[in-house]
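Trainee: Please read through the structure below; I'll follow up with questions.
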Amino acid sequence: MSSVATDAYKRTLEPHHNWILKSTFKMGLNAMPDLDEFFVRLGAGSLPGLDRDALEADMAEVAEAQQLIVERMGALLFELDLDPTAKT
């Protein structure tokens, strides 16, 4: 998970961060657990019906909802002529 998260960070947020934030994120991303440990920490297997498959399904649902929010926010920014990706 650490390498996937690091790659995502480098593509999205890193260009906007100063060296202090970059260092902080690097430390945090390097401390991430592996995928199996991640699910254990989320509680997989600790309660009836809370297994890895159920958690993955819930996470997919949350990600889908977040994607809709991001798309709507982007459309609103564009509509208000506040598109941060527009070149001036």
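The values are calculated or read from the model by the stated rules, or taken from the named source; none is laboratory data. Just so it is clear, the structure is predicted and the values come from calculations on it, not from any experiment. As a convention, Cβ positions derive from the backbone with ideal geometry for all residues, glycine included, and neighbour counts pool all protein chains shown. Surface areas here come from the heavy atoms of the whole protein model, side chains and all, with no ligands, DNA or RNA. Shrake-Rupley method; radii C 1.70, N 1.55, O 1.52, S 1.80 Å.
Trainee: So for the chain, averaging the separation of alpha carbon pairs under 8 Å that are six or more residues apart and normalising by length, what relative contact order in percent results?
Mentor: The value is 21 percent.
Trainee: Angle, helix 52-79 long axis vs. longest principal axis of the chain, Cα atoms, 0 to 90°, nearest 10?
Mentor: It is inclined by approximately 10 degrees.
Trainee: Oh, and also: Sticking with the crude label model, points 7 Å out along Cα→Cβ, report the distance from residue 42 to residue 81 in nm, one decimal please.
Mentor: The answer from the label model is 4.3 nm.
Trainee: Keeping the other protein chains in place, figure out the carbon and sulfur percent of the accessible area of the stretch 1-57, with a 1.4 Å probe.
Mentor: Its accessible area is 61 percent carbon and sulfur atoms.
Trainee: Turning to a different aspect of this structure: Whose amide H sits under 5 Å from the amide H of residue 51, counting only residues 5 or more places off or on another chain, with H placed in the peptide plane?
Mentor: Those lying under 5 Å, H to H, from residue 51 are 45.
Trainee: What whole-number value in Å² describes the accessible area per residue of the stretch 5-88 for a 1.4 Å probe?
Mentor: 84
Trainee: Calculate, in nm to one decimal, what residue 35 and residue 58 gain on full extension: separation in residues at 0.36 nm each, minus their alpha carbon distance.
Mentor: This chain segment gains 6.7 nm when fully extended.
Trainee: Could you compute the net charge surrounding residue 65? Neighbours are other residues with a C-beta less than 14 Å from the C-beta of residue 65; K and R count +1, D and E count -1.
Mentor: Within the 14 Å Cβ shell, the charges total -3.
Trainee: Continuing with this model, one more query. Considering amide H positions built from the backbone, and no H for Pro or chain starts, which residues 5 or more places from residue 83, or on another chain, come under 5 Å of its amide H?
Mentor: Those qualifying (amide H under 5 Å, at least 5 residues apart or on another chain) number zero.
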